[in-house]
């Protein structure tokens, strides 16, 4: 098993943070990732949002998602540095590569079951393009009917 794992880091910055401060915080994360031979795969700024509950004196914050590939030492260092940052209200690091593998295996199992059932009924293992078009049209009709209510 490889030492590189994929993690999602979500942090909430203080609402009074400027764009420059958010950029510096992002550079901090990038620097830590580079130091520990990790990579930033994706960054999404979700923007200013209302918090579910008050954290300290804050009722809203600026949410940022970072998808990071790296080892456990990288996560430990990120956690340590974000805990002491005054700009970060809350942060959470979650390992996602196992979930992605589980979802891929479940999808493969569903496709294999579907193919086996189609063959048992005397159909080709994969649906034809015409069947797919009919199925998508039927779903669209069902959605239209549901919106009418």
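The C-alpha atoms of the chain define a longest principal axis, and helix 72-84 lies at about 50 degrees to it. Pick from 48, 90, 57 the residue whose mean-square fluctuation is largest in a GNM of the chain, springs joining Cα atoms under 10 Å. Result for the chain, Cα springs under 10 Å: 57 fluctuates most. Helix 97-120 and the longest principal axis of the C-alpha atoms of the chain enclose an angle of approximately 0°. Only helices enter the 222 nm calculation for the chain: every DSSP H run of n ≥ 4 contributes -39,500 (n - 2.57), and dividing by all residues gives -17000 deg cm²/dmol, rounded to 500. Here the stretch 99-148 has an Rg and Dmax of 14.5, 39 Å, counting Cα atoms alone.
Its alpha carbons considered, the stretch 68-131 gives a radius of gyration followed by a Dmax of 21.9, 65 Å. Tell me the angle of helix 129-148 to the major Cα principal axis of the chain, expressed in degrees between 0 and 90 and rounded to the nearest ten. Relative to the chain, helix 129-148 is tipped by roughly 70 degrees.
Computed from the alpha carbon atoms alone, the convex hull of the stretch 1-84 holds 98 Å³ per residue.
Bear in mind that the values in this text are calculations on the coordinates, not laboratory data. For clarity, every value in this text was computed on a predicted model and none was experimentally measured.
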